[in-house]
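One structure below.
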Amino acid sequence: MTKRIIGLTGGIATGKTTVANYLASAYHLPILDADIYARDAVSIGSPILDAIAHRYGEQILLADGNLNRQQLGNIIFEHLEERRWLENIIHPYVRDRFLKAIAESSAPTIVLVIPLLFEAQMTNLVTEIWVVTCSESQQLQRLIERNHLTKEQAAARINSQLSLTEKASHADIVLDNSSTLEALLKQIDVAIRSGF
């Protein structure tokens with residue numbers, strides 16, 4: 001039997017975590033998260049963290065040796081070539097972790113949460129693509145509130161990704177998260193039962 005592998009993506013602050021949490025709690029699906037793998041990639045002692053510190057200097061590290069994510073974020077969201085450099089060393093690590101986890105899982109349906117599914121060219125890992133969307137103004141406001149960013153910082157992060165319209169055009173399922181939580185959950189129920 002072929003595994004059903006859902007690639008869950010969408011723009012930053014559109015509600016991917018809400019969808020993933022519901023799929024885990026209501027349908028008991030295993031959730032594999034690219035952000036967790038990416039955090040592992042830069043853990044203390046990792047070769048990737050060493051490469052980052054070598055490139056940007058020790059000031060990119062916190063006092064305890066962990067990566068200063070905010071400082072790195074400021075660099076990569078302001079300089080496209082730096083973002084590309086970082087992605088070129090982190091994306092292969094994340095892809096390998098996904099492949100290993102998929103191979104080891106006996107679950108018939110797995111959810112891969114990959115914010116940069118298209119940008120990182122990982123669509124070949126999944127059997128269907130779900131894109132979570134909302135209005136541009138909602139996305140901006142949610143990101144400002146969630147990450148305590150200025151409007152300019154939030155816009156830079158949003159603009160670093162493919163547009164929601166572009167992502168939605170490649171989706172098998174589009175989940176509209178511009179209304180209520182109840183409306184979103186109903187869409188998820190329909191999507192999971194569609195079974196493709």
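Only the coordinates and a few stated rules stand behind these numbers; no lab work does. Bear in mind that the values here come from a model prediction, so they are computed numbers and not experimental data. Glycine gets a Cβ as well: all are built from the backbone with ideal geometry, and neighbour counts include every protein chain shown.
Against the chain, whose longest principal axis comes from its Cα atoms, helix 69-78 is set at around 90 degrees.
Taking the Kirkwood radius as the inverse of the mean 1/r across Cα pairs, report the Rg/Rh of the chain. Could the numbers behind the result be given before it?
Values: Rg = 17.2 Å, Rh = 17.7 Å.
Value, to two decimals: 0.97.
Summary of the geometry: the range 161-196 and the range 1-21, compared by the centres of their Cα atoms, lie 9 Å apart. Quick one: helix 181-194 against the long Cα principal axis of the chain, what's the angle to the nearest 10°, folded into 0 to 90? For helix 181-194, the angle is close to 70 degrees. Between ARG193 and ASP96, the modelled labels are 4.3 nm apart [label points 7 Å from Cα along Cα→Cβ].
Please find the FRET efficiency linking GLN121 to LEU181, where r is the Cβ-Cβ separation and R0 is fixed at 45 Å, and quote it to the nearest 0.05. Walk me through the intermediate numbers first.
On the way: r = 32 Å, r/R0 = 0.71.
The calculated FRET efficiency here is 0.90.
Calculate the FRET efficiency for THR18 and SER43 from the Cβ-Cβ distance with a Förster distance of 35 Å, rounded to the nearest 0.05. Each step should come with its number before you reach the end.
On the way: r = 27 Å, r/R0 = 0.76.
The calculated FRET efficiency here is 0.85.
Report note on the peptides 123-131, 104-112, 2-10: ranked by the mean count of other C-beta atoms within 10 Å, highest first, their order is 2-10, 123-131, 104-112. Here the simple spin-label model places points 7 Å from the Cα toward Cβ, and for ARG146 and ASN68 these points are separated by 2.5 nm.
The alpha-carbon atoms of the range 35-104, seen along their principal axes, cover 38, 28, 17 angstrom, with the largest extent given first. With kT/(6 pi eta Rh) evaluated at 4 °C and eta = 1.567 mPa s, and Rh the Kirkwood radius from Cα pairs, the range 111-190 diffuses with a coefficient of 94 µm²/s according to Stokes-Einstein.
Couplings 3J(HN,Hα) of the range 139-152, computed from phi: 4, 4, 5, 4, 5, 4, 6, 5, 9, 6, 9, 6, 4, 5 Hz, in residue order, whole Hz [Karplus 6.51 cos²θ - 1.76 cosθ + 1.60, θ = phi - 60°; x for Gly and Pro].
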